[in-house]
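Contents: one structure, followed by commentary.
Laboratory data are not the source of any read-out in this text; all were calculated from the coordinates shown. Predicted, not measured: the structure shown is a model, and the values here were computed from it. Note that we place each Cβ from the backbone using ideal geometry, even for glycine, and neighbour counts take in every protein chain shown.
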Amino acid sequence: MLMKYSEIEEDVASFAADADTVLLANRVEKTYPNGTHALDEVRLRIQRGDFVSLLGPSGCGKSTLLKMYAGLEAPSHGHLRWLGADSPAKSGLKIAMVFQEATLMPWANIATNVRLPLDLAGVPKAESEPRVQRALEAVGLGKFGASYPRELSGGMQMRASIARALVTEPDVLLMDEPFGALDEFTRNRLDADLRALWSQRNAGGGKPLAVVFVTHSIYEAVFLSSRVVMMAARPGRIVADLPIPEPVRDDEFRLSMAFNEHCRDLSARLLAASGGELEHD
Amino acid sequence: MKTPLIQNPKVMKIVAPALVGLFLLVTWQVLCMAFKVPIYLVPKPTDVATTLWTDGPSLLGALAVTLKITFLAFGMAVVLGVIAAFLFVQSRVIETSLFPYAILLQVTPVVAIAPLIIIWVKDPTIALVFCATLVALFPIISNTVLGLRSVNPGLLNLFRLNGATRWQTLVRLRIPSALPYFFGGLRISSGLALIGAVVAEFVAGTGGTGAGLAYQIMQAGFQINIPRLFAALVLISLTGILLFSLMAWLARISLAHWHESEMA
């Protein structure tokens, strides 16, 4: 069942936060002082435990939208809601973010880097150290706590960055093209591991984890997400919101007919939305 | 396979400049002897070495005075410079209103204001320290300000996202990020403190028991004791090199485990 964006728009009346909505953007616009229209009337709801990809070409405002969800940027018009509250702090929602680069502190070892969010929150070391170790093991870096960032490869640095995001056990994980700078093999491995981490978190009785993943790779979006939100540029807007229902994501899924069809469908829609002149990057 | 000793980079680092120095000294010696240059114009390196040996005690006493002023001024410059830098990064308003005056400090020649300071400040040591501090201050301020501002924007966002306080951001992010720049400032400033100490003493011209190397140079000039003048110069240069090496070593032990500038 494919839901078109127009159908969502008809749903405006009920476009308010319910108990399962963690993040909500309602008619959000962003215009920069230089006149760039980064976002135009964007409506997007992220549910508890969702895995949503924001997919689109450069300049479609996907990173801007992510920064707004993080509370790092304010919209020019419209409003955002975090669990119904008008700021992340008031909502009590735990939000973690992974950036395009690993952004680790080069002077501190990996364990200290991963412990940073807990240190800033004043968690005592006796409590934080086992949590750091668990987070490192979850991303496959259990033995690298004492290493320095420069001693690790790009992929391993990214893993450390993900461990740092997961160590607070967040409700929402915002990821801004995290694997864009990695080679394809490393990227596929990390995609598979990320999806597995997300499934684990949401399978048990624990807190569900919602992921919002910004990417410009159609394949990555289809492989990872339960829902792909497609955006187009000039002005940045949402042009499609499609579920990817297949529950199992493994190497077989990558080679399946279903995977291919999703990718072709998304390519066609992206091309149509850009008026045929799609700018790849 | 063992690499030959000469290709070892550590050995090269000492041997190569030493060979250049030796070549220059020998050339100097040979030229002086060949053209019979009188000692009161250009002394031979051997004359300078002899003078260093015979006049050593009195010159070393003078060196101690100059060193005392250098270190006091350098210490003052570090403390004041860091305080000023922290003030500047607190707000753009503070920086824009005060930074022009910091530049004023830098561009005013110490030779021009030293006579005033020597008139106003009674104690000659304090007056000289004051002058040398003025010379050494600016690199510390400008480098530390640059460092405190050169924070990775991604890390800054991460700190914001995790609700870090101003204090946490300063201690855990801004200060470590600023360290490589601060050490760069230390290197420049340590040399400037020495230059400031010597220049200020030239202007002050204070003699007697508290006389430093600059006074020795002036005296030697008046007496046309050129070998002694050269000997004093050699001591000042050696002190400058030692100071620089000390700062480089400090930077290395503090940054070696993470910063590109100090890695092998």
Taking only C-alpha pairs under 8 Å that are 6+ residues apart, what is the relative contact order of chain B in percent?
25 percent
Taking 0.36 nm per residue of separation and subtracting the Cα-Cα distance, what length does fully extending residue B:224 through residue B:39 add?
65.6 nm
Charged-residue dipole, Cβ positions (Lys, Arg, Asp, Glu), chain A about Cα centre, Debye nearest 20
740 debye
I need the semi-axes of the equivalent ellipsoid of chain B: take the C-alpha gyration tensor, multiply each eigenvalue by 5, square-root it, list largest first in whole angstrom.
41, 28, 13
Please identify the DSSP H helices in chain B that span no less than 27 Å along the helix axis (Cα) and have a mean Kyte-Doolittle hydropathy of 1.6 or more.
B:9-34, B:56-90, B:124-149, B:226-255
With T = 10 °C, eta = 1.306 mPa s and Kirkwood Rh from C-alpha pairs, the Stokes-Einstein D of the protein assembly as shown in µm²/s is about 56 µm²/s
What distance in nm separates the simple spin-label points at residue B:246 and residue A:27, each placed 7 Å from Cα in the Cβ direction?
6.9 nm
What is the order of B:46, A:21, fewest Cβ neighbours within 10 Å to most?
B:46, A:21
For residue B:96 and residue B:152, what is the calculated FRET efficiency with R₀ set at 35 Å and r taken between the beta-carbons, to the nearest 0.05?
0.90
Per the Debye formula with a single identical scatterer at each Cα and no solvent contribution, what log10 I(q)/I(0) holds for the stretch B:1-138 at q = 0.09, 0.17, 0.18 Å⁻¹?
-0.59, -1.00, -1.02
Measuring from the lowest to the highest alpha carbon on each principal axis, how far does chain A reach, largest first, in angstroms?
53, 44, 42
Ratio of the Cα radius of gyration of the stretch A:103-169 to 2.2 N^0.38 Å, where N counts its residues:
0.97
Hey, got the dipole for the protein assembly as shown? About the Cα centre, +1 on K and R Cβ, -1 on D and E Cβ, debye to the nearest 20?
1780 debye
Taking the beta-carbon count within 10 Å as an exposure proxy, list A:79, A:262, A:37 from fewest neighbours to most.
A:79, A:37, A:262
How large is the dipole of the stretch B:52-262 about the Cα centre if only Lys and Arg carry +1 and Asp and Glu carry -1, each at its Cβ, rounded to the nearest 20 debye?
600 debye
Among A:219, A:259, A:173, which residue has its Cα positioned farthest towards the positive end of the charge dipole of the protein assembly as shown, with +1 placed on the Cβ of Lys and Arg, -1 on the Cβ of Asp and Glu, and the dipole taken about the Cα centre?
A:173
How far is helix A:257-273 tilted, in degrees, relative to the longest principal axis of the Cα atoms in chain A, given as a value from 0 to 90 rounded to the nearest 10?
60 degrees
Quote to one decimal, in nm, the extra length available between residue A:77 and residue A:153 on full extension: 0.36 nm per residue of separation minus the C-alpha distance between them.
23.2 nm
Can you tell which of A:230, A:121, A:79 lies farthest toward the positive end of the dipole of the protein assembly as shown, using +1 and -1 charges on the Cβ of basic and acidic side chains (Lys, Arg; Asp, Glu)?
A:121
Would you mind ranking A:22, B:37, B:82 by Cβ crowding within 10 Å, fewest neighbours first?
B:37, B:82, A:22
First select every other residue whose beta carbon is under 13 angstrom from the beta carbon of residue A:115; then total the charges, Lys and Arg +1, Asp and Glu -1.
+2
Contour minus end-to-end for residue B:238 and residue B:79, with contour as 0.36 nm per residue of separation and end-to-end as the Cα-Cα distance?
54.7 nm
Assuming a ≥ b ≥ c are the square roots of the Cα gyration tensor eigenvalues, decide whether the stretch A:15-97 counts as rounded (a/c under 1.5), prolate (otherwise, with a/b larger than b/c) or oblate.
prolate
For residue B:173, net neighbour charge (Lys/Arg +1, Asp/Glu -1) across residues whose Cβ lies under 11 Å away:
+4
Looking only at other chains, what is the average number of their beta-carbon atoms within 10 angstrom of each beta-carbon in A:97-103?
4
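Tell me what the protein assembly as shown gives for mean residue ellipticity at 222 nm when only DSSP H runs of n ≥ 4 count, each as -39,500 (n - 2.57), the sum divided by the residue total, rounded to 500 deg cm²/dmol.
Computed ellipticity for the protein assembly as shown at 222 nm equals -19000 deg cm²/dmol.
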